[in-house]
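Structure first, commentary second.
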Amino acid sequence: MAPQEVIYGKTDYKLLKEQFVLKGIPSSAGIALGNAIVLQPESLISPSVKIPTEEISNELLKFEKAHTNLVHQFMQSLHKVRSLGSNVIAILETNLLILTDPILYDGIRNKIKDGFSVESAIVSEFDNQRKFFLNASDALLQERANEIDNIKRKLLASLKDQSIDYENCQHSIVVAQTLTTTDIVNFKEAGILAIVTEVGGITSHAAILSRSFDIPAVIGVHDATDIIPNGSELIVDGFAGIVVVKPKEDIREVYLQKIEALEEHKRNLGALAKLPSETLDGKRISLLGNVNFLDDVRSGEINGADGYGLVRSENLVMELKGFPDEETQYKWYREICERAYPKPVTIRVFDLGSDKYVEGLPIKEFNPALGLRGIRFLLSRQDIFKTQLRALLRASMNKNLKIMLPMITSLHEVELSRKILEMCKNELQQEGVLFDNLIPLGVMIETPAAAVISDGLAKVADFFSIGTNDLTQYTLAADRNNELVSDIFDDFHPSVLRLIDFIIKTAHKNGITVSICGELAGHAAATQLLVGMDVDELSVAPSLLLELKNRVRSLTYSEAKLIAEDILNSNDYFEVRKKLEKAIGRHSVAEINEI
Amino acid sequence: MVEKLVKVVNRSGIHTRPAASIVKLASKFKSEIYLIRDKFAINGKSIIGVMTLAAEQGSEIKVRAEGPDEQEAVDEIVKLFESGFGEI
């Protein structure tokens, strides 16, 4: 268990010889033990330090050298991330454009020529520009202010020639106020063990990157760079979100064992990647990866994905903050399909509603979950829908792409979508473009309506995919983001389980396959149940694939079938839980929840 | 000097990505390039300038270029605006 003592208030931590524990936000899972490299934030530099006239030319030279070095560093990082996909590249490119901005560059030089020290000039010019952004009414622009700050800090660091010595970071834990994407790429190359930062959101670029690099990270640790002495021993627990500074011998021992167990576990799981996903009595279940970013395909590959069951194409829209043109979409889809080839890829068309801010969507709805979202939105904006279908068709030429429609409630929506798809095919044919003429068109079953009419839907759709999150929310009439009803939202509710069972049976009767792509698919307590219910495919975050395969490979289909039958006969979720607990053995479902 | 008036047609206006496209394009030309809005002129090669322009959909911007390739510069930049930065 995690050490409980957390110190609050104004203690002079640096004087503490003994262990103390800092609490932050767990941002990337994993545990690491190592020595801290504390990157000191730039102490307050006065923007008005004057220098003697004879030093001006020397000061200018210092600035130019630091600037050139940093531009060079950025270029190198850009080169390194080429393979990481467009989002990372775009961030770095923008940073580079800011660094080389003529207003800033000339502004700093002029300030120095006026007799200010190079540090003062940098601080005052950057802060001037930053003010513009902070005062902007646009939240997006305000965010940019942080990026400008980051670049300022790097420029000052480069000036002091104390730019981070990445070579010496191996087996260390980096403690910083904040880190840029460039920093993280470089640290990763240098082989750091973990990251601790003072600021940063769970969804910030840096946090996402540390997760995709599998580097344990705890963020939001207040005053970390002030409190943690450079070189001190640290334990970073990315599961619990805590940092243990100067750990006591017993705590250290506990964590060493945890690290050992994690590594052992990873080694064992790693060996599973190449083994087939089948039960002890030989029943095959395809295990697929969900894809948010291009990188997830590589991660799926490493974790032995049999394909990709849910590519959330709306991420492209969110990332670009607008609807991308056909060419941009085509390139993204093709890249995913090529990386996955010959494994199948299911791309879900834009699943957007007014709860996501994107220009072109309805401004605000009273109840977005029940509003113009998913297929409803696309059918109301057929220009956007057609562009996407054309891009998808063009990316389908290797015949490993399937299209999936979200938020379906009627046959009409599927038929209309198919008609539009056929129109796009005709257009492309006339343009002489190659595509998969038999591209499968599937339907997400995520509304009770779709579940109930699945018999009809199975005749117009080529496959089903059950989105358990929405299916649960709509079946139980409980908003999944509303804490007041979070006890009602339960994807193990017998009504949800029976609907899933009904959908699978109907699909199989009609000769089509069913995959499950909601949270339930990756839930440790659900695997046996879902296999027993005859699901064909499970699609989960790539990082969950090996654990999932491990569970599939250690269960027996014939036994799972009996258990599923028993559980489906429950009348309330207490009964479901009790039966699940019994079936899974010594673990309670609650405990499994925590794994 | 060449000038042309252009309208921001893409729905989300000039946010970071279009700003980056404008600056990258403008930097290819030798001419001085300005974007002028409400008598407020900014350097078209400065991403900070272009971003702080905060031009929303429908706003009118004057593109001005002065230098050896001014005609080509204005034409290309106007074309980028009219294409909606590939967001339409």
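The values are calculated or read from the model by the stated rules, or taken from the named source; none is laboratory data. Given the structure is predicted, the values throughout are model-derived calculations rather than measurements. Glycine gets a Cβ as well: all are built from the backbone with ideal geometry, and neighbour counts include every protein chain shown.
Answer yes or no: is there a residue in the stretch A:393-405 that is within 28 Å of residue B:20 (Cβ to Cβ) and in the same structural domain as residue A:472 (by TED's automatic domain parsing). Show your work before the answer.
Taking the stretch A:393-405 as the starting set, the residues that turn out to be within 28 Å of residue B:20 (Cβ to Cβ) are A:394-395.
Within this subset, residues satisfying the condition of being in the same structural domain as residue A:472 (by TED's automatic domain parsing) are A:394-395.
Yes, some residue in the stretch A:393-405 is within 28 Å of residue B:20 (Cβ to Cβ) and in the same structural domain as residue A:472 (by TED's automatic domain parsing).
Suppose we filter A:466, A:445, A:420, A:408 for residues that are more than 26 Å from the chain's Cα centre (by Cα), of a type in the set (Val, Ile, Thr) and at pLDDT 95 or above; which single one remains?
A:420
Could you check the stretch A:519-549 and list, in sequence order, the residues that are closer than 18 Å to residue A:454 by Cα and assigned to a loop (DSSP other than H, G, I, E, B)? Walk me through how you get there before you give the answer.
Within the stretch A:519-549, the first condition is being closer than 18 Å to residue A:454 by Cα, and the residues that meet it are A:533-537.
Hits for the stretch A:519-549 are A:533, A:534, A:535, A:536.
Kindly list the number of the only condition in (1) outside any helix (DSSP H, G or I); (2) surrounded by fewer than 20 Cβ atoms within 10 Å (Cβ to Cβ); (3) within 14 Å of another protein chain (Cβ to nearest Cβ); (4) modelled with pLDDT of 85 or more that fails for residue A:357.
Answer for residue A:357: the failing condition is (4).
In the stretch A:290-340, which residues are more than 23 Å from residue A:466 (Cβ to Cβ) and assigned to a loop (DSSP other than H, G, I, E, B)?
Scanning the stretch A:290-340 gives A:293, A:294, A:321, A:322, A:323, A:324, A:325.
For the stretch A:13-29, what are the residues that are acidic (Asp, Glu) and at pLDDT below 60? Please lay out each step first, then the result.
Going residue by residue through the stretch A:13-29, those that are acidic (Asp, Glu) are A:18.
Result: no residue meets the conditions.
Looking at (1) crowded, with 17+ Cβ neighbours inside 10 Å; (2) more than 18 Å from residue A:370 (Cα to Cα), find the lone condition where residue A:459 falls short.
(1)
Regarding residue A:501, is this residue in contact with a helix residue (DSSP H, G or I) (Cβ under 7 Å, 6 or more places away or on another chain), touching a residue at least 24 places away in the same chain (Cβ under 8 Å), in a loop (DSSP other than H, G, I, E, B) and crowded, with 16+ Cβ neighbours inside 10 Å? Before you say what the answer is, go through the steps one by one.
Working: in contact with a helix residue (DSSP H, G or I) (Cβ under 7 Å, 6 or more places away or on another chain): yes; touching a residue at least 24 places away in the same chain (Cβ under 8 Å): yes; in a loop (DSSP other than H, G, I, E, B): no; crowded, with 16+ Cβ neighbours inside 10 Å: yes.
Taking the combined requirement at face value, the residue does not satisfy it.
Return yes when residue A:417 is assigned by TED's automatic domain parsing to the domain that holds residue A:345 and either in contact (Cβ under 8 Å) with a residue 40 or more places away in the chain or farther than 20 Å from residue A:314 by Cβ (or both) and no when it is not.
On the way: assigned by TED's automatic domain parsing to the domain that holds residue A:345: yes; either in contact (Cβ under 8 Å) with a residue 40 or more places away in the chain or farther than 20 Å from residue A:314 by Cβ (or both): yes.
Yes.
Would you point out the residue of the stretch A:560-571, among those that are in contact (Cβ under 8 Å) with a residue 40 or more places away in the chain and over 34 Å from the mean Cα position of the chain (by Cα), that is nearest to residue A:534 (Cα to Cα)?
Applying the filter and picking the extreme gives A:570.
For the stretch A:311-336, which positions are more than 14 Å from chain B (Cβ to nearest Cβ), touching a residue at least 40 places away in the same chain (Cβ under 8 Å) and of a type in the set (S, T, N, Q)? Spell out how you get there, then give the answer.
Going through the stretch A:311-336, the residues more than 14 Å from chain B (Cβ to nearest Cβ) turn out to be A:311-315, A:333-336.
So of that shortlist, the ones also touching a residue at least 40 places away in the same chain (Cβ under 8 Å) come out as A:313-314, A:333-336.
Hit for the stretch A:311-336 is A:313, nothing else.
Is it fair to say residue A:299 is within 19 Å of the chain's Cα centre (by Cα) and either more than 14 Å from chain B (Cβ to nearest Cβ) or modelled with pLDDT under 95 (or both)? Quick ask: steps written out before the conclusion?
Working: within 19 Å of the chain's Cα centre (by Cα): yes; either more than 14 Å from chain B (Cβ to nearest Cβ) or modelled with pLDDT under 95 (or both): yes.
Yes.
Can you tell me which residue among B:69, B:75 is among the acidic types (Asp, Glu), out of contact with any Gly (no Cβ under 9 Å at 6 or more places or on another chain) and under 30 Å from residue A:387 (Cβ atoms)? Explain how you work it out, then say what you get.
Details: B:69 fails: under 30 Å from residue A:387 (Cβ atoms).
Sole residue among the options that is among the acidic types (Asp, Glu), out of contact with any Gly (no Cβ under 9 Å at 6 or more places or on another chain) and under 30 Å from residue A:387 (Cβ atoms): B:75.
Taking the stretch A:430-455 as the search range and keeping residues that are in contact with a strand residue (DSSP E or B) (Cβ under 8 Å, 6 or more places away or on another chain) and part of a loop (DSSP other than H, G, I, E, B), which one is nearest to residue A:505 (Cα to Cα)? Steps first, please.
Filtering the stretch A:430-455 for residues in contact with a strand residue (DSSP E or B) (Cβ under 8 Å, 6 or more places away or on another chain) gives A:436, A:439-446, A:450-451, A:454.
Now restrict to residues that are part of a loop (DSSP other than H, G, I, E, B): A:436, A:439-440, A:446.
Values: A:436: 29, A:439: 24, A:440: 20, A:446: 16 Å.
Selected residue: A:446.
Report, ordered by the first and then the second residue, all pairs with beta carbons closer than 8 Å, sequence separation of six or more or different chains, a first member in the stretch A:573-590 that is under 21 Å from residue A:476 (Cα atoms), and a second member that is at pLDDT below 75.
A:577/A:589; A:580/A:589
In the stretch A:30-61, how many residues are modelled with pLDDT of 80 or more, surrounded by 15 or more Cβ atoms within 10 Å (Cβ to Cβ) and under 30 Å from residue A:231 (Cα atoms)?
9
Do you know which of the residues in the stretch A:95-133 that are crowded, with 19+ Cβ neighbours inside 10 Å, among the polar types (S, T, N, Q) and closer than 18 Å to residue B:23 by Cβ is nearest to the other protein chains (Cβ to nearest Cβ)?
A:129
Helices (runs of 4 or more DSSP H) wholly in the stretch A:188-289 with at least 1 residues that are among the aromatic types (Phe, Trp, Tyr), surrounded by 14 or more Cβ atoms within 10 Å (Cβ to Cβ) and more than 24 Å from the chain's Cα centre (by Cα) - which ones? Don't jump to the end; show me each part of the working.
Values: elements: A:205-213, A:224-227, A:249-272.
The qualifying helices (runs of 4 or more DSSP H) are A:249-272.
Which of the following residues is modelled with pLDDT of 90 or more and of a type in the set (A, V, I, L, M, F, W, C): A:525, A:521, A:541?
Values: A:525 fails: modelled with pLDDT of 90 or more; A:541 fails: modelled with pLDDT of 90 or more.
After ruling out the rest, the residue left standing is A:521.
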